[in-house]
1. With the contact rule set at Cα under 8 Å and sequence spacing of 6 or more, what percent relative contact order holds for region 34-100?
2. Could you calculate the contour length gain from residue 107 to residue 62, that is, 0.36 nm times the residue separation minus the distance between their Cα atoms, to one decimal place in nm?
3. Give the calculated FRET efficiency between residue 82 and residue 183 to the nearest 0.05, with a Förster radius of 22 Å applied to their Cβ-Cβ distance.
4. Can you work out the FRET efficiency for the pair residue 70 and residue 157, with r the C-beta to C-beta distance and R0 = 25 Å, to the nearest 0.05?
5. Within region 233-249, what residues put their amide N at less than 12 Å from the label point 7 Å along the Cα-to-Cβ vector of residue 38?
6. Just subtract the alpha-carbon distance of residue 150 and residue 95 from 0.36 nm times their residue separation and send over the number in nm, one decimal.
7. What is region 34-100 by shape, rounded, prolate or oblate, if you read a ≥ b ≥ c off the alpha carbon gyration tensor as root eigenvalues and call it rounded for a/c under 1.5, prolate for a/b larger than b/c, and oblate otherwise?
Amino acid sequence: MMIGKLRLLAGAAAVLFSLGAIESRAAPQQDVADGQSNGKWFIELTGSVDAFRSNAAKSGVQFNERFVFKRLWKGLSVEASAENISLIKGLQGVAAVYPVLNVPRPTTQPAAPELAHALAMTGADIAQNELGLSGAGVKVGIIDTGIDYNHPDLGSCFGPGCRVITGHDFVGDRYDAAGSGGALIAHPDSDPDDCNGHGTHVAGIVGASGNFADGGARGVAPGVTFGAYRVFGCEGSTDSDIMIAAMERALADGMNVVNMSIGAAFQTWPQYPTAVAADALVDAGVVVVTSIGNSGAQGVYSAGAPGVGSVAGLRRIDERLWSARLRGRIARRARITCCAKSAGGGFRSTSSMMAAVGPCEESATVSIRPLSRPGRRTP
């Protein structure tokens with residue numbers, strides 16, 4: 001029963017996030033080639049971290065550890081010079097080396113349509129009013145700029161018994177991965193408050209519990225509780241290894257759903273550590289909702305990790321499915337959202353604008369919304 005509720009709520013949420021992606025835009029992401037690294041690296045291992053440390057010490061390699069990953073990706077992240085990273089690549093037990101990329105902070109723009117109308121447009125109102133689904137009992141992790149847990153529509157408090165029940169600030173107010181001096185020093189703490197607003201905006205789409213008539217906001221699942229995982233300072237960017245650290249923390253905290261509405265364009269390959277970690281999170285039974293980016297006008301390869309991770313059983317929505325579900329009912333162009341099950345029991349929810357091709361597996365739950373004017377039908 002819980003899986004069914006998660007699937008339905010995740011599908012509704014994905015449609016809203018596909019609408020919200022128009023409002024939440026990140027600065028253009030620059031490619032980072034081997035010679036243009038910021039000095040931070042992912043080290044993928046075939047063996048243990050202790051064995052890697054021992055081999056590095058024997059070879060005289062110098063580096064500073066940043067994060068050691070335990071569940072979602074096998075390896076660690078380090079700071080190292082170009083000379084030392086060249087030595088690390090040749091160490092026994094090192095499978096691959098990837099640059100840690102800067103992830104630009106998303107920005108929030110006025111919503112269009114406003115949330116009051118978006119619920120009806122996506123069918124979330126049916127889930128709430130006719131099916132009686134509120135998200136009660138579901139824990140949603142928001143990896144973003146934090147959550148303003150003092151907002152009345154998000155519970156007005158933080159901790160056990162509140163709407164925002166747990167969380168972590170990985171960076172502190174001043175952190176900026178693209179900055180200099182003190183801005184590069186993280187000051188993590190246990191208070192994931194939001195000094196930017198984007199994470200609060202996302203949390204509101206997911207589960208604000210206000211009343212529109214009183215000027216409040218109401219989200220897809222007003223009964224959920226939240227985990228807030230802050231990966232951005234008040235300004236500037238973060239690092240992709242911090243994103244994985246937040247994913248691992250959300251998994252450890254027992255989140256049922258993890259949302260990352262962060263459009264890091266051109267981090268496109270599915271083997272990149274954040275994409276692999278997102279897949280592992282799905283395999284662990286977590287519903288993962290990710291932005292695919294906001295830079296589609298720049299080309300087909302502008303999608304960003306972790307949204308480019310693979311999903312079990314990707315397939316074409318073939319002509320038979322198209323005919324059975326769409327013939328005579330909606331326009332040729334539609335917004336198609338699918339919630340696909342992984343081998344580990346989790347679900348990845350994706351949403352896209354397309355005609356007859358969609359990222360849905362055979363058993364996926366598919367939501368199709370017309371893009372034509374109301375009442376107009378196209379055979």
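1. Details: 109 pairs, mean separation 34.3, N = 67.
The normalised contact order for region 34-100 reaches 51 percent.
2. That works out to 12.5 nm of additional length.
3. Between residue 82 and residue 183 the formula returns 0.45.
4. Numbers: r = 31 Å, r/R0 = 1.22.
E between residue 70 and residue 157, to the nearest 0.05, is 0.25.
5. Of the residues in region 233-249, 233, 236-243 have backbone N under 12 Å from the label point off residue 38.
6. Length gained, residue 150 through residue 95: 15.3 nm.
7. oblate
Each value in this text was obtained by applying a stated rule to the coordinates, not by laboratory testing. What you see is a predicted model; the values in this text were computed from it and never measured. Positions of Cβ are backbone-derived with ideal geometry, glycine not excepted, and every protein chain shown enters the neighbour counts.
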